[in-house]
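The values are calculated or read from the model by the stated rules, or taken from the named source; none is laboratory data. These numbers come from a predicted model, not from an experiment. A quick note on method: Cβ atoms are made from the backbone with ideal geometry, for glycine too, and the neighbour counts reach across all protein chains shown. For accessibility, only protein heavy atoms count, side chains too; no ligands or nucleic acids. Shrake-Rupley method; radii C 1.70, N 1.55, O 1.52, S 1.80 Å.
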Amino acid sequence: QVQLVESGGGLVQPGGSLRLSCAVSGSIMSIYTMGWYRQALGKQRELVSTITTAGSTNYADSVRGRFTISRDNGKNTIYLQMNSLKPEDTAVYYCYALIRRIGATLVRDYWGQGTQVTVSS
C-alpha cells in the first residue's frame, strides 16, 4: 500500500503565500519524479511543477517565478512554496509520485487526495 498525503491548502488573499506539503508512505522501493498538478472548477487538470530525485525542476509558465518546488528525499516529502498568489491559482492541488513498490518490477504513478487552494479577497 502506498499513500500520498497533502497538507497546507486554504484560503489566502491575492498576493499572499501558502506552502503545500506531500508526504509519501508505504511499501516503497524507490520514488522517482514527484510533482504537483492542479484542477480548477470546470477545467482540465494541469501540470504545475515537477522535481526529479536529483532535484531538477520544471514549472508551468503560469507559475514560474512565483512557485518553488523542493524535495526532502529522507522524508519522502515534497513541498510547493506558492508566493504572489493570484485568483487564477484557485484550484484543487494534487500531489503525484512515480513509485516502484517493494516486490514490484513496474514503476507507476500514485496520487494524493488533493488539497483546496482558494485565492480571494
**Q.** Close pairs from region 64-81: first farther than 16 Å from residue 52 by Cβ, partner open to solvent by 40 Å² or more (accessible area, probe 1.4 Å), Cβ under 6 Å, at least 6 apart
**A.** 66/83; 66/84; 81/19; 81/68
Q: Please verify whether region 79-92 includes one or more residues that are polar (S, T, N, Q), closer than 20 Å to residue 3 by Cα and touching a Phe, Trp or Tyr at 6+ places or on another chain (Cβ under 8 Å).
A: no
(Q) If the requirement is being open to solvent by less than 60 Å² (accessible area, probe 1.4 Å) and either within 22 Å of residue 104 (Cβ to Cβ) or at pLDDT 95 or above (or both), which of these qualifies: 68, 52? (A) 52
Q) Pick from 19, 38: which is charged (D, E, K, R), part of a strand (DSSP E or B), modelled with pLDDT of 95 or more and open to solvent by less than 60 Å² (accessible area, probe 1.4 Å)? A) 38
**Q.** Pair list, Cβ < 8 Å and 6+ apart or interchain, from region 88-109 residues that are under 16 Å from residue 38 (Cα atoms) to residues that are of a type in the set (Lys, Arg)
**A.** 89/38; 91/38; 91/43; 92/38; 93/38; 94/38; 94/45
Q: List the number of the failed condition for residue 105; all other conditions in (1) hydroxyl-bearing (Ser, Thr, Tyr); (2) modelled with pLDDT under 95; (3) in contact with a Lys or Arg (Cβ under 6 Å, 6 or more places away or on another chain) hold.
A: (3)
(Q) Condition first: outside any strand (DSSP E or B), in contact with an Asp or Glu (Cβ under 8 Å, 6 or more places away or on another chain) and not hydroxyl-bearing (Ser, Thr, Tyr). Now tell me which residues in region 48-84 satisfy that. (A) 60, 63
